[in-house]
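Below is one structure; the comments refer to it alone.
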Amino acid sequence: MQFLSVSLAAFGLGSALIFPATPAAEQTPKPVDYQQCGIFDIEEDPAYPFGAQLLEDLWVDSPDGKLRVATFDVNLSAKQQGQLGADLAGGASTEAAQVARAIQQADADVVLLTGIDADEAAARALNNQYLKHAQDGGRAVDYPYVYAGPTNKGTPSGADLDNDQVVGGPADAWGYGEFPGQGAMVLLSKHPIDTQHVQTVTKQRWSQMPGNTMPQSGLNGTIAEAMPVMESGLWDVPIKVGGSTVRVIAVQTDQVREELTHSAPRHSDQLRIVGDWLSAADYLQDDRGAAPGNHQPYVVLGELGRNHGNNQAVDDMLENLGVAEQGIHDDTNYILPADTLEIARHGSIRDQEMTPSNPGTEQPNLSGTPELLWSDLTY
């Protein structure tokens, strides 16, 4: 089978999109003004010309046996708990419209949003007020299934973790945040979520993790004993796709913060948790005390933090999972399918108008302009 490489500048799909070519029919295909459609740098085999259907192929739902997944750091957060839903009401938020435009262009079956308040009402407002309405450069989409699970983001620790002589504030939470759920995760899906079999990992204590790096953290006493290893959480979410189930392993790690001596070693162990969960390590339990379930097939989505100055820990985790050459990523965001799934094509969508997400600091985000990563997986 021959393949074609296409650079899709307007859609922000990175340098190239690879997919099977269609043999030329006897009748000359209808010419397409690609540049008018925002598609540039086409590498085309004259024996296998593109037809007008190419443009529609970028928008249609994934066919049977394929699942399009995406992960997106959206930087949608309010100043108070529960406020984001009100902020999104009426469809007047410019930031939400920009997020919706990128999601509409990707048209993924499943989208993990990070950097968003873990508020189901806000997620449904985003869907109903923005995603269901075509934004500039996008087409209306609908995500009727939403999962906003437990998270440690913004959960008060009751201790002075940043050593500023004050107890309270975002850096003193178990995961950085002004209030519980701030800047966490939300999962959107076009397909049913098997909520009865969702497993979450937020309560696992760092001190109970074999071979942990806590001795390097500077923590001791009751705080060291109580601290959860996950700054946000790990969700194992089964998605029903036709007659099959694909498990989305949603993960979010905070950036390493210099004011927190435990931040870097804790980040390393969070990455180990991902691998240990997928390998069903004996010590690991979900928040209800159950052992890791069956994770085949699965795809890991979310923030693993390659720009945290902790690249070796990321590389070690990828090597242990056996997906070092299989997944795709930018500076911090990853899509890592199990070896039972295959990436048919992938890309990214970047919106230059969006504000980089870097809560709690005035420094720019090392990853630059936020981008949505997507992949078509075959199963």
Expressed as cubic angstrom per residue, what is the convex hull volume of the alpha carbon set of segment 70-216? 134 Å³
With every protein chain left in place and a probe of 1.4 Å, what is the accessible surface of Thr94, to the nearest 10 Å²? 90 Å²
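Compute, for segment 148-270, the length of the dipole vector about the Cα centre, with Cβ point charges of +1 (Lys, Arg) and -1 (Asp, Glu) only. Units Debye, rounded to 20.
Result for segment 148-270 is approximately 680 debye, rounded to the nearest 20.
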Residue (of Val241, Gly181, Leu278) at the positive-pole extreme of segment 173-320, dipole from beta-carbon charges: Val241
List, in the order given, every pair from Lys79/Lys153; Lys132/Lys190; Lys66/Lys240; Lys153/Lys203; Lys132/Lys153 whose Cα-Cα distance in the structure shown is over 22 Å. Lys132/Lys153
Ignoring ligands and nucleic acids, Arg139 exposes an accessible area, probe 1.4 Å, in Å² to the nearest 10, of 110 Å²
Report the Rg/Rh value for segment 77-148, based on alpha-carbon coordinates and the Kirkwood definition of Rh. 0.93
Which residues qualify? For Arg345, with a placed amide H closer than 5 Å and at least 5 residues away or on another chain, they are Asp376
Regression test value, accessible area per residue of segment 92-143, probe 1.4 Å, units Å², expected 32 Å²
Heavy-atom accessible area of Thr340 with all protein chains present, probe 1.4 Å, nearest 10 Å²? 80 Å²
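The values are calculated or read from the model by the stated rules, or taken from the named source; none is laboratory data. Owing to the predicted nature of the structure, the values given are computational and were not obtained by experimental measurement. Cβ atoms come from the backbone with ideal geometry, glycine included; neighbour counts cover every protein chain shown. Remember, those area values only see protein heavy atoms, side chains included, never the ligands or the DNA or RNA. Shrake-Rupley method; radii C 1.70, N 1.55, O 1.52, S 1.80 Å.
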